[in-house]
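Structure, as C-alpha cells:
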Amino acid sequence: MSIMILHDKTNNNWNSQGLGPLHEAMNPKVTRERNGSYELTFSYPVKGVLFKKLVVGRWIVADAGPSQSAKAQKFEIAEITKPKKGIVTVYCEHYSYQLLRSIVKLGSKFENINAQTALNQLKTQMEPKGDFTFYSDVTTRSSLDFSDPSKFNNAQEVLGGVQGSILDNFGGEYLFNNNQVRLLANAGIERNVIIAYGKNLTDISQEESIENTFTSVYGWAKLDGEDEQVITLPETYLDSKYVNHYTQRRIQMVDFSDKKPKNVSALREMVKSYIKTNKIGIPKVSIKTSYVDLASSVIDEELKHLEELDLCDWVTVLFNELEIHTSAQIIKTVWNVSLDKFDSLGLGETATNMSKVLSESQLETNKLIDKVTWLEEAQKEASNLLNNPGKGHVVIYPSFADPQEILIMDTKDVNTAKNVWKWNAGGLGFSSTGYKGTYALAMTNNGAIVADRMTTGTLRAIQIIGVTITGSTIISESGSYKMFLNSGQLRNYVNSILRTSLDPYSFNVYDGNGIKMMALDSSGVNINKKGSTNLLGYLGRGRDAVSGKEEIAINVEPGNIGSYSVRSSSSATTYTRQFAVSSAGAHIGTLNMGGAYVGGAGRINNAYLYNTGVSSAFTVYNNVPVNFYSNLNMNGYSITNQSDMRLKENIEPTVINGIEETKKLKFYDFNRKQNYKNRDAKLQPSKKRELGLLAQESSFLLAEDKVEEEHYLSLDTSKQIMLNSLTNKQLIEKVEQLENKLNIKQKGRRKTQTRKGRKWRTKH
C-alpha cells in the first residue's frame, strides 16, 4: 500500500513528506495511455485533514505503476470539483503536461537527423525550458521544421499529436518519468504471459471482433483495355490457414485492379500476399478488462508473471474456441495507487498515430495534386496558344490544282515564312526556321514522334533510350515484386511489404513484416534485433585512443552477445560458436595458437593449455595461487628465488634455533583424500603413500598468505628448506665443537704417556 504525498507549488523537496500524506484519499487511480494521457484522479472528503490545502497548482507525488519508471510520479492539481455529499473529486495532470505550457520559438528546418537530435533541438527552441531531459534510441532519420510558427502551438505538439511532430516523423513510444522524456523504439517488452480469451475473460467488443473476422478472400481485378475485362480466380476464393477454426467461411471481396495483375496467376499471388499481410483468419485484439478478470484468464503457470506487466508490454492472446493465438500490446493501464495494483488493462494491436496517417495521405495527395496541376497547366498553355494563335495563313501547296501539302505559316509566301506547320504524306511537323528549315517537332508516318517537350497523362512505351526523367515516379513490377523510384529514393516491395530502400544517405534491409533489420550508412553497418527497431550492434570505424590509429570496430549493444561461429562440415545443419564477447568478457571455445594454417601446435581448450610454452616471461602476481596436480619436472634446471642483498632490508642474524624447531616437527605417513575439494578427475591429488607434516601441528612452517576461497592451511616450503639448511648448519657447528673437545683430550693423554715413559692402551 502506497500513500500519496501533497506538496506546495514551489521549492519542493520531493523526497520529503511535503504538506503531508493524503491518507483520506479515496479511490486514487492513475490512467496512462500509450503515447497518450497520463492523469491522476481521486476523491477526498471536505472534512479531511488536508482538504483546505488541496489547491489547484499544488503537486501530488504518487505511484503510477509497478515499474521503477512509474514510481513517485509528480502530478499537478488541475481541477477540484464542487463538494457533493461532502466529497470532492480531484483531477491531476502528470509533470510532463508542463510541455503544454511551453512555447516553441521560430527556428530552422532540420533535415536527415535522428530522433535524439530532434529532441535536442526541441529543448533548444522551447521556452521556458524547465528541467526536462530528453533521450531516444530510435535510429530513424527524418526532419523537423521550426521555420513555420503555425505548425506547433506548444512543446507537447512537437513531441506528438500533430502532423510533422517527432512521433509522426520518427516513430517510437514515449516513456515519461517526471521530467525525463524518453522516446524508445520499444517502450515495453515481450512478457511470458498467455491470456486465454474465453476462459473467464469476455468482452463485447472482442466478440464483435471475432464475428467480423474473415477467413477467406475473393479477389478480382479489371484489366486495362476498352472492354474492361474482369478476371477472378477459377477456385473463386482462397482460404487462410485458420479457416477450419471457424464453423463457416467468412469471405471478403477485395479489388486488386489498382495493382494491375497481368493474368490469373498474378492475381492469385496478390490474394495470397493479402491474406498473409492482413492476418486473415486472426481476430483483431481489443480487450478492456479488470485486473481480476485478467488474472482468471491467464494460463495457470503464467500467473506469477502477471504482476510484471506494464504499459506498452506485449502478451500472447489465446482464443480457446478458435485454437488461434496472436500478440497484443498493453495500450492503456489504470493503476490503483492505494492497492498497489492495476484496476484494469486495455490490450489491442498498436494503433497507427493519426497524424502519421494524415501525413502519409497528405504526401500521396500532394503528389497527385502536383501531377494533376502539372497536366492542367500544360493543357491551359496549349489551349491558350490554340485559341489565340495570332495572325496566320493557311496555304494549299503547291496549288489547288496539285494539292500535296497543307501549310500554316506566318506569311503567305513559303520563301519568307519562318514559323511553318507542314502536313503532308510524310507526317506533321513544325519549323521555326522556315519552310526548308529543321522540323524540331514532328510526327512522321513511320511512327516516330520528335519533340523537346512532351506533356502527357499516361505514356506507354516499349523502350525509352537516352533521356532524363525529372519529378516522376518510376514503377517496375513483376508478380509480387514491385520497385519504386521516387524523390531520389529506391524502394523494393514483396507482397506490398517494404524489403529494401536506397537513398543518398543509407541502404536499408527490412524483414517480412516491413521492420528494418539492417542499415548501411556513413557510420557503418547497423543491425537491429529480430522483429524490432532496437539496435543489436554495428560494424563501423573506430579509433584507438592510445595510438590514434583507425580501426574496424565490431560493436554490440548492452545485454547482447557478439559471436563468431563456423559450421563443422557441409552436412552440418548448425553453426558452432567458437568465439563470443559479452559484457562479462570474451569467451573462446578452443584457441589454437598456431596449427595447420600458421604453424605450431599449441591450443587453449576450455581454459586448459595444450602443448603451450612461454617464450620470454611467465608471471604470477601477488597472492595468486598456482596449483599443480602433477609432478613439476625442471629438466635439470633449478627453482630460484631472488636473494640479492639489494632487495632486502632490516637484515639481522637469525635467533631461531633450527635444531629445536626441527625437533618439534612430527612426521606422518598418509594418503591424500580423493574427490574432496573437487570431483573433477583432472584435479585430483596423487594417490601414492606420502611422508610429510600436518599443518595444524607445524605452526612454525605455516604459510602466512592464505587462499581465502579455500580456507585450507598450507606450509611454507621455502621456509622449510631454509629451516633444514639452518638446522644442518647448527648441527655442523655442534659436531665441530665436539670434535675440538675430543682433539684436546687426546692431545693431553699423549703428553702424559710421554712423561711416564709408558705406553697406554686405549680402553674401549
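Restricting attention to the range 118-141, and to residues there that are touching a strand residue (DSSP E or B) at 6+ places or on another chain (Cβ under 7 Å) and among the small types (Gly, Ala, Ser), which single residue is nearest to Leu502 (Cα to Cα)?
Ala118
Which one of Leu723, Leu738, Leu731 is touching a Leu at 6+ places or on another chain (Cβ under 8 Å) and in a helix (DSSP H, G or I)?
Working: Leu738 fails: touching a Leu at 6+ places or on another chain (Cβ under 8 Å); Leu731 fails: touching a Leu at 6+ places or on another chain (Cβ under 8 Å).
Leu723 is the lone residue from the list that is touching a Leu at 6+ places or on another chain (Cβ under 8 Å) and in a helix (DSSP H, G or I).
What number of residues in the range 659-693 are of a type outside the set (Ser, Thr, Tyr) and closer than 30 Å to Lys729 by Cβ?
Step one: list which residues in the range 659-693 are of a type outside the set (Ser, Thr, Tyr), which gives 659-661, 663-667, 669-675, 677-685, 687-693.
Now restrict to residues that are closer than 30 Å to Lys729 by Cβ: 659-661, 663-667, 669-670, 690-693.
Looking only at that region, the number is 14.
In contact with a strand residue (DSSP E or B) (Cβ under 7 Å, 6 or more places away or on another chain), of a type in the set (Asp, Glu) and surrounded by fewer than 14 Cβ atoms within 10 Å (Cβ to Cβ) - does that describe any residue in the range 65-82?
Yes, the conditions are met somewhere in the range 65-82.
Check the range 100-117 and report whether any residue there is touching a strand residue (DSSP E or B) at 6+ places or on another chain (Cβ under 9 Å) and closer than 22 Å to Ser338 by Cα.
No, the range 100-117 contains no residue that is touching a strand residue (DSSP E or B) at 6+ places or on another chain (Cβ under 9 Å) and closer than 22 Å to Ser338 by Cα.
What's the number of the only condition in (1) modelled with pLDDT under 85; (2) surrounded by fewer than 18 Cβ atoms within 10 Å (Cβ to Cβ); (3) out of contact with any Asp or Glu (no Cβ under 9 Å at 6 or more places or on another chain) that Ser297 fails to meet?
In the conditions (1) modelled with pLDDT under 85; (2) surrounded by fewer than 18 Cβ atoms within 10 Å (Cβ to Cβ); (3) out of contact with any Asp or Glu (no Cβ under 9 Å at 6 or more places or on another chain), Ser297 misses (2) alone.
Only one residue in Asn635, Asn641 is of a type outside the set (Asp, Glu), assigned to a loop (DSSP other than H, G, I, E, B) and either at pLDDT below 80 or in contact with a helix residue (DSSP H, G or I) (Cβ under 9 Å, 6 or more places away or on another chain) (or both), so which one is that? Don't jump to the end; show me each part of the working.
Working: Asn635 fails: either at pLDDT below 80 or in contact with a helix residue (DSSP H, G or I) (Cβ under 9 Å, 6 or more places away or on another chain) (or both).
Exactly one residue qualifies, and that residue is Asn641.
Of the residues in the range 21-47, how many are in contact with an Asp or Glu (Cβ under 7 Å, 6 or more places away or on another chain) and among the basic types (Lys, Arg)?
Final tally of qualifying residues: 2.
If you scan the range 20-59, which residues turn out to be surrounded by fewer than 19 Cβ atoms within 10 Å (Cβ to Cβ) and within 14 Å of Ser2 (Cα to Cα)?
Those that are surrounded by fewer than 19 Cβ atoms within 10 Å (Cβ to Cβ) and within 14 Å of Ser2 (Cα to Cα): Gly20, Pro21, His23, Glu24, Met26, Asn27.
So how many residues does the range 5-35 have that are among the small types (Gly, Ala, Ser) and either assigned to a strand (DSSP E or B) or in contact with a Ser or Thr (Cβ under 9 Å, 6 or more places away or on another chain) (or both)?
Start the filter on the range 5-35 by keeping residues that are among the small types (Gly, Ala, Ser), which leaves 16, 18, 20, 25.
Filter once more, keeping what is either assigned to a strand (DSSP E or B) or in contact with a Ser or Thr (Cβ under 9 Å, 6 or more places away or on another chain) (or both): 20, 25.
Going through the range 5-35 one residue at a time, the tally reaches 2.
Give the residues of the range 92-109 that are buried (at least 16 other Cβ atoms within 10 Å of the Cβ) and in a strand (DSSP E or B), sorted by residue number.
Cys92, Glu93, His94, Val104
If you take the residues in the range 132-191 that are acidic (Asp, Glu) and in a strand (DSSP E or B), which one is farthest from Ser67 (Cα to Cα)? Give the steps one after another, and end with the answer.
Narrowing the range 132-191 to residues acidic (Asp, Glu): 137, 145, 148, 157, 168, 173, 190.
Then keep just the ones that are in a strand (DSSP E or B); that gives 145, 173, 190.
On the way: Asp145: 35, Glu173: 16, Glu190: 15 Å.
The extreme case among them is Asp145.
I want to confirm something. Restricting to the range 139-151 and keeping residues that are closer than 23 Å to Gln98 by Cβ and modelled with pLDDT of 90 or more, which single residue is nearest to the chain's Cα centre (by Cα)? Write out each step before concluding.
We begin by selecting, within the range 139-151, every residue closer than 23 Å to Gln98 by Cβ; these are 144, 146, 149-151.
If we keep only those that are modelled with pLDDT of 90 or more as well, we get 144, 146.
Values: Leu144: 23, Phe146: 29 Å.
Restricting to residues being closer than 23 Å to Gln98 by Cβ and modelled with pLDDT of 90 or more, the top hit is Leu144.
Any residue at all in the range 700-713 that's surrounded by fewer than 10 Cβ atoms within 10 Å (Cβ to Cβ) and either part of a helix (DSSP H, G or I) or at pLDDT 90 or above (or both)?
So far as the range 700-713 goes, no, none of its residues is surrounded by fewer than 10 Cβ atoms within 10 Å (Cβ to Cβ) and either part of a helix (DSSP H, G or I) or at pLDDT 90 or above (or both).
Name the residue that is farthest from Glu127 (Cα to Cα), counting only residues in the range 152-161 that are surrounded by fewer than 20 Cβ atoms within 10 Å (Cβ to Cβ) and in contact with a helix residue (DSSP H, G or I) (Cβ under 7 Å, 6 or more places away or on another chain).
Ranking the qualifying residues of the range 152-161, first place goes to Gly161.
Applying the selection to the range 323-352, what residues are more than 30 Å from the chain's Cα centre (by Cα) and modelled with pLDDT of 80 or more?
If the condition is that a residue be more than 30 Å from the chain's Cα centre (by Cα) and modelled with pLDDT of 80 or more, then Asn336, Val337, Ser338, Leu339, Asp340, Asp343 are the ones that fit.
The values are calculated or read from the model by the stated rules, or taken from the named source; none is laboratory data. Since we're looking at a predicted model, the values are computed, not measured. Every residue, glycine as well, gets a Cβ built from its backbone with ideal geometry; the counts of neighbours run over all protein chains shown.
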